[in-house]
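What follows is a short report on a single structure.
The values are calculated or read from the model by the stated rules, or taken from the named source; none is laboratory data. Keep in mind the model is a prediction, meaning the values are calculated, not measured. In this analysis, Cβ positions are derived from the backbone assuming ideal geometry, glycine residues included, and neighbour counts consider all displayed protein chains.
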């Protein structure tokens, strides 16, 4: 490496944000409320606008899970979660442990989260290679990827630092039982029909 390259590298290093930085930026109104921005491993990620198939499937799933879960958990759509000091993604569905304040004082974190769901119309590769491994490292017990293009659900279980140990591809006629709420079963036929 020549001297100029070494200087350039030193002059142009990246600055990574923390969740504290990000929340202060949001509170200061730096981002428009319609912007879908996530903090992933210290970097701001502008997400693809949500199209009607994605919005419709997310709404359908939110309603379906909310009805099945009842008072056992809180179900949120496109709500931020805090994974660690440098990641604050916004999964499509979050099923969280009940809390008296309904998470008004802080976003849910890994110990609070019973299930995360990502609905993917155009971002399946990103979800599989970036977000799902991030969720595994954070110790999220169960993640579902709803792949709209393939019309299938992928279920990720048994998180480890290097990914999920178990990945299931249930038939769309099956029902899924939540690993953290075994009394709750979601019939996939109601998701796809």
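Taking (1) touching a helix residue (DSSP H, G or I) at 6+ places or on another chain (Cβ under 7 Å); (2) assigned to a loop (DSSP other than H, G, I, E, B) in turn, residue 184 satisfies each apart from (2). Please go through the stretch 111-127 and give me each residue that is out of contact with any strand residue (DSSP E or B) (no Cβ under 7 Å at 6 or more places or on another chain) and either surrounded by 17 or more Cβ atoms within 10 Å (Cβ to Cβ) or at pLDDT below 95 (or both), ordered by number. 121, 122, 123, 125, 126 - these are the residues of the stretch 111-127 that are out of contact with any strand residue (DSSP E or B) (no Cβ under 7 Å at 6 or more places or on another chain) and either surrounded by 17 or more Cβ atoms within 10 Å (Cβ to Cβ) or at pLDDT below 95 (or both). Within the option set 177, 105, 123, 129, being over 23 Å from residue 37 (Cα atoms) and out of contact with any helix residue (DSSP H, G or I) (no Cβ under 8 Å at 6 or more places or on another chain) holds for one residue only, 177.
For every residue, the table says whether it meets (1) part of a helix (DSSP H, G or I); (2) under 10 Å from the mean Cα position of the chain (by Cα); (3) crowded, with 19+ Cβ neighbours inside 10 Å.
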site	(1), (2), (3)
81	no, yes, yes
100	no, no, no
105	no, no, no
135	yes, yes, yes
150	no, no, no
167	no, no, no
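For the residues 155, 143, 94, the requirement of being at pLDDT 95 or above, within 17 Å of residue 55 (Cα to Cα) and buried (at least 17 other Cβ atoms within 10 Å of the Cβ) singles out 94.
Residue 165 fulfils the conditions (1) over 30 Å from residue 24 (Cβ atoms); (2) at pLDDT below 95 except for a single criterion, (2).
Quick grid of which residues meet (1) under 13 Å from the mean Cα position of the chain (by Cα); (2) within 21 Å of residue 155 (Cβ to Cβ):
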| site | (1), (2) |
| --- | --- |
| 47 | yes, no |
| 64 | no, yes |
| 78 | yes, yes |
| 88 | yes, no |
